[in-house]
1. Which value in nm describes the separation of the simple spin-label points at Phe10 and Glu55, placed 7 Å from the Cα toward the beta carbon?
2. For the chain, which whole-number percentage of the solvent-accessible area (1.4 Å probe, protein heavy atoms only) is attributable to carbon and sulfur atoms?
3. Out of residues 5 or more away from Ile14 or on other chains, whose amide H comes under 5 Å of its own, with H placed 1.01 Å from N in the peptide plane?
4. Contact order normalised by length for the chain, with contacts defined as Cα pairs under 8 Å and 6 or more residues apart; what percent is it?
5. Nearest 20 debye, what's the magnitude of the dipole of the chain about its Cα centre given +1 on Lys and Arg Cβ and -1 on Asp and Glu Cβ?
6. Which value at 222 nm does the chain reach when only helices count, each DSSP H run of 4 or more adding -39,500 (n - 2.57), with the total divided by all residues and rounded to the nearest 500 deg cm²/dmol?
7. Where a ≥ b ≥ c are the square roots of the eigenvalues of the C-alpha gyration tensor, would you call segment 14-65 rounded, which needs a/c under 1.5, or, failing that, prolate if a/b is larger than b/c, or oblate?
8. Can you work out the Karplus-derived ³J(HN,Hα) for every residue in segment 43-56? Use 6.51 cos²θ - 1.76 cosθ + 1.60 with θ = phi - 60°, whole Hz, and x for glycine or proline.
Amino acid sequence: MAGNSTSAFFENYIPMSELLDVLRQQYSRYTVYRWVQQGMPHKRLGGKLWFHKEEVLRWLEREYS
């Protein structure tokens, strides 16, 4: 059962490098860290940040439109 929940997590969340690709490399890693401090939705797993793509895009739209 735990394996299923782990694989579901990785199906729904992307690492920082993929988030930067989604953002078309228009923003730096440091900008994303600042947004995390400002409340951007994320999870921390194994010392790394993971992002739910749709939640992040909704958050950015709310915060910066």
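1. 1.9 nm
2. Here carbon and sulfur together make up 48 percent of the probe-accessible area.
3. Under 5 Å from the amide H of Ile14: Phe51, His52, Lys53.
4. Across the chain, relative contact order equals 34 percent.
5. With Lys and Arg at +1 and Asp and Glu at -1, about 240 debye.
6. Value at 222 nm, helices only: -17500 deg cm²/dmol.
7. Rounded is the answer for segment 14-65, as its axis ratio a/c remains below 1.5.
8. Computed from phi, the couplings for segment 43-56 are 10, 10, 9, x, x, 10, 8, 10, 10, 7, 3, 5, 5, 5 Hz.
The values are calculated or read from the model by the stated rules, or taken from the named source; none is laboratory data. The structure presented is a predicted model; accordingly, all values stated were derived computationally and were not measured. Ideal geometry is used to build each Cβ from the backbone, glycine not excepted, and the neighbour counts take in all protein chains shown. To get the accessible areas, we keep the full protein, side chains included, count just its heavy atoms, and leave off ligands, DNA and RNA. Shrake-Rupley method; radii C 1.70, N 1.55, O 1.52, S 1.80 Å.
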